[in-house]
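I have placed the structure first, in the form of structure tokens, so that the comments after it can refer back to it.
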Protein chains: 2
Amino acid sequence: MISIPVLTLKRLPQYLELLYGFEHEGQDTISATRLAELTGVHMTQVRKDIALTGVVGIPKVGHKVRDLIESIESCLNWKDHSSAFLVGVGRLGSSLLGYSEFKRKGLNIVAGFDTDPSVAGSLVDGVIVHPMDKFANLCRRMKVHIGILTVPADQAQATAELMVESGILAIWNFTPTLLQLDEGIIVEDVDMSASLAVLSRRLSEKYEQDSQQDNKSKNKKNTIDQEKQ
Amino acid sequence: MISIPVLTLKRLPQYLELLYGFEHEGQDTISATRLAELTGVHMTQVRKDIALTGVVGIPKVGHKVRDLIESIESCLNWKDHSSAFLVGVGRLGSSLLGYSEFKRKGLNIVAGFDTDPSVAGSLVDGVIVHPMDKFANLCRRMKVHIGILTVPADQAQATAELMVESGILAIWNFTPTLLQLDEGIIVEDVDMSASLAVLSRRLSEKYEQDSQQDNKSKNKKNTIDQEKQ
DNA sequence: AGTATTTCGATATTTTTATAGCGATTAAGG
DNA sequence: CCTTAATCGCTATAAAAATATCGAAATACT
Ligand SMILES: NC(=O)c1ccc[n+]([C@@H]2O[C@H](COP(=O)([O-])OP(=O)(O)OC[C@H]3O[C@@H](n4cnc5c(N)ncnc54)[C@H](O)[C@@H]3O)[C@@H](O)[C@H]2O)c1
Ligand SMILES: NC(=O)c1ccc[n+]([C@@H]2O[C@H](COP(=O)([O-])OP(=O)(O)OC[C@H]3O[C@@H](n4cnc5c(N)ncnc54)[C@H](O)[C@@H]3O)[C@@H](O)[C@H]2O)c1
């Protein structure tokens, strides 16, 4: 199995989102050119990304929407469902538990876990929440290999270690903590700070750019004014 | 103002997270080498990233933790706070409203908005939620330029357009919808699907790799067995 | 004081990723 | 049936990012 570049993997769901739309509208073919227009990704990049999923297109027509969906989904392993446990059923954790979209993306959150006795034992959006001490046992028994980490930042490292000891192979980490784990363990961070950093900086850059243009046009105006004098 | 590469911007908060820890522990200097070890980023890359923030280090010693924090924070514009409006106070939206960490990162969510009359008018984690029809007015009056988008996917495009008309310059988009907006508008996606895609694929790759190794060791065992015979 | 050692930071190289160019392919229209 | 036009997908080039190299600077130790 070839290793697909991260950036390609991150673009594939974007294409999928559009493809679902097309299928819904009854459109049955789509060209890479059009996908490029809609995503802002370069035409040739779209072709490369699509090629990596192993599907072939039809010249002059493009790709069959259904084929492309199948190909991307199976490439991302979104067709057969994987079970996952979520640890830390707080604000963020419970909003994830109730988010049905993940099921369509191959992720089945089968249970939540929390140390807080007032949360443990309850149902959150139809998903059962267990006390934390049941984690290791259930994890091994149910052969769950994906852990979703939404505990407070200062609990993240310890909780992650517990997960790994219990047989978790991949951690979807929503905390800002940089986990230090065994090499083999897959850690995927959903780093909102990183995203916020890009937003903040780009906005600053934009402000400055705009104010410079303002100054320019002001200066220009001054020049014109001066010329008038 | 130089344009800092996206990937650098995304790493900066990681360094910051560690730096806050060091400061807390009373450590007052840190080397790029050590940061590299902890983040898994290459030593020279860390140096480049740091250099882009404009701070200079001391040979043999490294960097003053405080200076580095200041430098990164001001580079990301996390020192003076920007006001933001959040639209769509549902599961995800309300969890974001209550998340105090954003304040420390220069983002002040000053109000939420929702079309649902049972949500609008209430306080969520101390933040007031207005009915949606007040958005344009308040946005202009309070000169808010950042919008956080957490409405259902099918409402995302329309809501984003409303935001832009009301003076929003940057949208932090938590929906899976690919927004089609004016060139100048900054859109930063928090794409959980993208992250999930990487996790899923990497896990598949790992499974296959492991099972191949299993086969190998089985074959090896067989070979040994055969040799024994 | 002098030397060894560590780290910075500038420059060079390599690798990865993105873009461009172009022939091959195929459906559609005359 | 043949031309036309659009698209695929391969190969080549360009750009960006990551990694390596190395001299200079500064601390700590002899
Ligand atoms: N709320 C957000 O919008 C948001 C955004 C980005 C990142 N995060 C991160 O997500 C994590 C959770 O944030 P939150 O706002 O949901 O916090 P929260 O306090 O609302 O929820 C944390 C939950 O984890 C439980 N918990 C605490 N220690 C535990 C342990 N050792 N084992 C199992 N469960 C434990 C608590 O009982 C609580 O229910 C934090 O690391 C936060 O930084 C949150
Ligand atoms: N819940 C999650 O964990 C999660 C994870 C990833 C992405 N998302 C995305 O975030 C968005 C919100 O998800 P959610 O689970 O919080 O949904 P939700 O249904 O719980 O909340 C949506 C909120 O938006 C409000 N709303 C609907 N239309 C609106 C409009 N036109 N203007 C203003 N408000 C409007 C609704 O009243 C509701 O309160 C979705 O696009 C979803 O795909 C959610």
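Against the compact-protein benchmark of 2.2 N^0.38 Å, the Cα-based radius of gyration of chain A scales to 1.38.
Averaged over its residues, chain B has an accessible area of 51 Å² per residue, based on protein heavy atoms and a 1.4 Å probe. Counting only alpha carbon atoms, the long axis of helix B:65-75 and the longest principal axis of chain B meet at about 50°. Remark: label point of A:D28 defined 7 Å out from Cα along the Cα-Cβ vector; separations to the same position in other copies 7.4 nm, ascending. With its label point defined 7 Å out from Cα along the Cα-to-Cβ axis, B:K79 lies at 5.4 nm from the matching points of the other copies, in increasing order.
Separation of the range B:1-80 and the range A:123-189 by C-alpha centroid, Å? Between the Cα centres of the range B:1-80 and the range A:123-189 lies a distance of 29 Å. Buried accessible surface for the A/B chain pair comes to about 5900 Å², total over both chains, computed with a 1.4 Å probe. Averaged over peptide B:200-211, the number of partner chain Cβ atoms lying within 10 Å of each residue's Cβ comes to 6. Each copy carries a label point for A:S217 at 7 Å from Cα along the beta-carbon vector; from one copy to the others these points are 6.9 nm apart, nearest first. Relative contact order of the range B:6-75, taken over Cα pairs closer than 8 Å and 6 or more residues apart, is 39 percent. Each 10 Å bin from zero up to the one holding the largest Cα-Cα distance in the protein assembly as shown carries the following percent of pairs: 4, 17, 26, 27, 17, 6, 2, 1, 0, 0, 0. Between 0 and 90 degrees, the angle of helix A:6-24 with respect to the longest Cα principal axis of chain A falls at about 90 degrees. Considering only Cα atoms, the convex hull volume of the range B:82-190 works out to 93 Å³ per residue. A convex hull fitted to the Cα coordinates of the range B:92-135 yields 66 cubic angstrom per residue. With the charge dipole of chain A set up from +1 on Lys and Arg Cβ and -1 on Asp and Glu Cβ about the Cα centre, the Cα lying farthest toward the positive end among the listed residues A:V164, A:S195, A:P59 is that of A:P59. Taking amide H atoms as placed 1.01 Å from N in the peptide plane, the amide H of B:H130 lies under 5 Å from those of B:G112, B:F113, B:D114, B:G121, each 5 or more residues away in sequence or on another chain.
Computed with a 1.4 Å probe on the full set of protein chains, the accessible area for B:D133 sits at about 130 Å². Measuring from each Cβ of chain A to the axis that turns chain A onto chain B, the shortest distance belongs to A:S95, 2 (residue, then whole Å). Exposed loop sites were defined as trypsin sites (Lys or Arg not before Pro) in DSSP loop states (anything but H, G, I, E or B) carrying at most 16 other C-beta atoms within 10 Å; in chain A the longest segment without such a site runs A:144-229. Taking all Cα pairs closer than 8 Å and separated by 6 or more residues, the relative contact order of chain A comes to 12 percent. The helix-based estimate of mean residue ellipticity at 222 nm for chain B, built from -39,500 (n - 2.57) per DSSP H run of four or more residues and divided by its residue count, is -16500 deg cm²/dmol to the nearest 500. Taking the Cα centre of the range A:82-190 as origin and assigning +1 to Lys and Arg Cβ atoms and -1 to Asp and Glu Cβ atoms, the resulting dipole is close to 520 debye. Summarising the amide proton neighbourhood of A:S82: residues at separation of 5 or more, or on other chains, whose placed amide H is nearer than 5 Å comprise A:L107, A:N108. Charging the Cβ of each Asp and Glu at -1 and of each Lys and Arg at +1, and nothing else, the dipole of the protein assembly as shown about its Cα centre rounds to 780 debye.
Angle of helix A:43-52 to the longest C-alpha principal axis of chain A, folded into 0 to 90 degrees and rounded to 10: 20°.
The values are calculated or read from the model by the stated rules, or taken from the named source; none is laboratory data. The shown structure was predicted, so the numbers you read here are calculated from the model rather than taken from an experiment. Virtual Cβ from ideal backbone geometry, glycine too; neighbours counted across all protein chains shown. These accessible areas exclude ligands, DNA and RNA; they are computed on the full protein's heavy atoms, side chains included. Shrake-Rupley method; radii C 1.70, N 1.55, O 1.52, S 1.80 Å.
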